[in-house]
Each structure stands twice: as structure tokens, then as C-alpha cells.
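The values are calculated or read from the model by the stated rules, or taken from the named source; none is laboratory data. These numbers come from a predicted model, not from an experiment. With ideal geometry, Cβ positions are generated from the backbone for all residues, glycine too; neighbour counts draw on all protein chains shown.
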Amino acid sequence: MSPLGPIRRTADAQADDAYLRELGYEPVLTRRMGSFGNFAISFSVISVLSGCMTLYGFGLGTGGPAVMMWGWLGVGLMVMSVGAGLAEVTSAYPTSGALYFQAEQLGGRRWGWYTGWLNLLGLLGAIAGIDYGAALFTGAFLNLQFGFVPTPGTIMVIYLCILTLHATLNLFGVRFVSILNSISVWWHLCGVALIVGVLVVVPAHHRSAAFVFGAFVNSTGWSSSVYVVMIGLLLAQYTFCGYDASAHLSEETTNAQVSAARGIMRAIGWSWVAGFVLLAGLTFAIQDYAATRATASGVPPAQIFLDALGAAGAKALLLVVIAAQLFCGNAETAAASRMVFAFSRDGALPGSGLWRRVHPRTGTPRNAVWLSAGSAALLALPSLYSSTAYAAITSINVIGITPAYAIPIYLRIKHRDRFRPGPWNLGRWGVTVGCIAVTWVALVTVLFCLPQTRPETGLLSLTTFNYAPVALLSVLALAWIWWRIAGRRTYEVPAVGLPAGSPPAGSGNGAP
């Protein structure tokens, strides 16, 4: 290895720390993550082997194959616009606070305050959605291996064990997390290739292309095909969440202004391709559509594996998926804990003094890690009595985190004359791409607050109620109350005297 490599990394880290000081923060986290590691955490959080697989059963009834396949392509295109807009602002403001810090600098205190609370809700909802999905797939594996019958109570126990595992792994420092994320990238790519390859070669029967790209299935109870198509987009939109992880880990990344922005874009692009291949492979391999949806394992992809490959093959592929989901949940826990740390550093959360503490040996905000895991545990409690709770958990992720993506982009458009981009930027396309991104986010935020299943009696019930809007309104109410009680006195984000986007010395070229 050339001795210039470590020297360059040290120089980049020093320049990054100098720029962070100019943004108003004294560096306390350890910069041990490179460009690939930063990409890897967002790619791991998006995790097509988590999002696509856990909501595949939801997609089978809300539009079916046609909506899953074409929806994936359309949503992916829109998300690339959102990601590009966010990457541009991240290049100007690479901090752990990420979205709320960006909104604060571009729009003022209230913008930053509410963006932070929305981002926090979305990140905690993401941990809950990812780890609960991993618990469901673990239950399916235990069902095939030992005849275990998954129930809401037993799945909750598995879920809590997974949360504890991820909290523990995140106590060992960002270098260890970065290594796990790097492994995760190759696990996901090889896992998708393995699953699709086996499903192409082994089964004697495959569905037609007309079925995979044209079959429409509606079992929601709603009569409007347009409405069903729109709520069916949740599978893709939920999967394409979490790429702000690259921004949240920017204070632990070298050459952060470029690396974090590229990490966002590369994670979305590679996930777009891998997810399409995975969904196509699964759908072509469906043997019995009705039996797949009604599977005793509770996880339709497990039934596809079982019907196509037999018990041994199904169990092997389930282990591949479960491992990918565990990588994903671990990465999301890291991202959420950095958000908690940063928000507490600026005095925004109750008990901020506790959550912003950094362990002197590992450089990790350990208390923030435990708070993130504990809050995710509470979000999943309705799954004990509601059959639609998991879809609601994923909606919480979408309607919390997606508006938080759009707010800095909107403010960048609103204040375009005084926004000075960082080294990674969209040039003259910045405003156009930003307008597309904000419009898309507004649509999906409203969409996923709507009921996903029509009650048979015509009345609301606990089993079909979409409680995601309640979670959204609750966190906004909490943010308003805490602002009135203490936030307006304790919350303080540094005022940046530096022109936004002034690159630190030695930063790389920022071409997209």
C-alpha cells in the first residue's frame, strides 16, 4: 500500500474537521469511515432484501405484480430526484444533524426544529420496520425448521432480541460498524444474485412476462383501481428510505462533502437495479398465487422459496435474507443514534445532556444508541393486536423521513440566490430537480396517511386502522409542546458565518 494513502486520508480528515469547526461544531466523533463505507451504510439501510421482501406480501394484494414492478421503476426515478436534491445540500452542510441542520441554516430555527423531529420519527420508524421484518422472517425460518407457529407475541420477543443485538453491536465504535456495512454491500449483491439465479434455474414452471408486468390484484376492499395503485407504491417508497444515513455519518467520514453526497446517489442507484431484479425473480417464480398470500409462515417470499425449491432450499435462502436484514437494521441503528446525538448536542431533546454523551474510548454516543433501540421497541407495540400494524410502521418511516428530506430541498429552492453549493452539486439543474423532488414528497406524504385496507363493516377498527398519521401528529404535537416548555430556550444550532459550500482545502472534485 502506498504511504501516500494514509497521509491523504489524514489530510482529508483534518480538512473535514476544520470545515466542521467553521460550521460551528467541535469534532468529537472519530473519522474512520471512507467513501465506500459511507456509501455502504446507505446501501445497507435501503436494503432491497429487507424492504422488498418484508412488504412483498403487502404488494401482492395492493395492485399485485403490475404495481410492484412498474411502481418500483417509477418510484425509483422519483427517489433519484429526491436523493440528488438532498445530496447537493448535504455537500454544503456535512454534519451528523444533517437534515435539521440544513433546514436551520437555510430557513431558520422553526424549520430546523420541526425537520429534526420529523427526521427522528422516520429514523425510529425505520429501525422498527426493518427489525420487525427481520423478526417475521426469523419466525418463518423457525416454522420451516422446527414447526414453530409464529404469533404476535412470539414475533415481538424475537423483535426485542434483534433490537438488543443491534444496540450492542453499535457500542463498539464506527470502525466496526463500517466493516459490517462493507460486508453488507457484498452480502446484498451476492444474495440477490443467488436468490434470483436459483429461482430462474431450479423451478420447472415460471410465470409469463404478461403476468409479471401486467397482472393487477386488488384485495384491499377499495373499489378504485387508481387508489389501490397509489397505496401499492408503499413497497417501493418504503424500501427507498434511509439514504440520509450517509449524511448522518458525515462527521465520521473523510472528504465528507463529496463522499456523503456520492454515497447517497450510489446507494439509490445500485438499490434501484438490484431491487428490480429481485422483484422480477420472485414474481416469475410464484407457483400458486393464493397459497403464497395465505402461507402459514406469514411471509410470502418464504412460500415462494418452499414451492420452487423445497424445504432445504427455502431455509437456505431465508438465512441469506435474514442476515441481510440484520445488516440493514444494524446500519439504521447507527444512523438513528447519530441523529439523536446531534439533536441532543443542540439541546433539542428532553434529557439532551444524557443523549449527547460520547464514550471516550470508542467515540460512540452509547446512550443515544439505547434510546434509539428503546423507542423503536415502543413503536412496534401495536403489532400485538393489529394485523395491519406492520404496514403502518413502514408508513411511519415514510411519512416521517420523506418530508424531512424535502424541507432542506424546498428551502434551497426558496433561497436559491443565497445558497452556495458545495463541491458536489447539480449546477443549473438544481432548482428543476428540487421542484420534482418536493412535489413527489408532498404526494407520498398525503398518500401514506390514508387507510390501506377498507374495514368490512365500513367502520374504523383496531385491526385495519392506519395509525401512522396518529404517530405523525403525536410527534409534531410533542415537538410543539416541548418547544413551548423548553426548546426555545435550550435549542441552539450554531450560526454559520462561512458561505455555504466553501470546500475545505484538499477536498476532491465533486462531479456527480
Could you check how many residues of region 273-315 are surrounded by fewer than 23 Cβ atoms within 10 Å (Cβ to Cβ) and under 26 Å from the mean Cα position of the chain (by Cα)? 8
When the residues of region 348-360 are filtered to those that are touching a residue at least 40 places away in the same chain (Cβ under 8 Å) and of a type outside the set (A, V, I, L, M, F, W, C), which remaining residue is nearest to Trp482 (Cα to Cα)? Pro350
Determine, yes or no, whether Val433 is among the aliphatic types (A, V, I, L, M), under 22 Å from Asn119 (Cα atoms) and modelled with pLDDT of 90 or more. yes
Restricting the search to region 25-66, which residues are assigned to a strand (DSSP E or B) and either at pLDDT below 90 or on the phi < 0 side of the Ramachandran plot (or both)? Met33, Thr62
Evaluate the following for Thr457: is it of a type in the set (Val, Ile, Thr), out of contact with any His (no Cβ under 7 Å at 6 or more places or on another chain) and at pLDDT below 75? yes
Among (1) over 19 Å from Ala209 (Cα atoms); (2) out of contact with any strand residue (DSSP E or B) (no Cβ under 6 Å at 6 or more places or on another chain), there is one condition Ser259 misses while meeting the rest; what is its number? (2)
Consider region 161-174. How many of its residues are farther than 15 Å from Ser337 by Cα and out of contact with any helix residue (DSSP H, G or I) (no Cβ under 6 Å at 6 or more places or on another chain)? 1
Kindly establish whether Thr402 is modelled with pLDDT under 90 and either crowded, with 19+ Cβ neighbours inside 10 Å or part of a helix (DSSP H, G or I) (or both). yes
Which number in (1) within 18 Å of Val369 (Cβ to Cβ); (2) touching a strand residue (DSSP E or B) at 6+ places or on another chain (Cβ under 8 Å) marks the one condition that Leu180 misses? (2)
Residues being in contact (Cβ under 8 Å) with a residue 24 or more places away in the chain and not in a helix (DSSP H, G or I) - total across region 82-139: 6
Among the listed residues Tyr390, Tyr410, which satisfies the condition of being aromatic (Phe, Trp, Tyr) and either modelled with pLDDT of 90 or more or not in a helix (DSSP H, G or I) (or both)? Tyr410
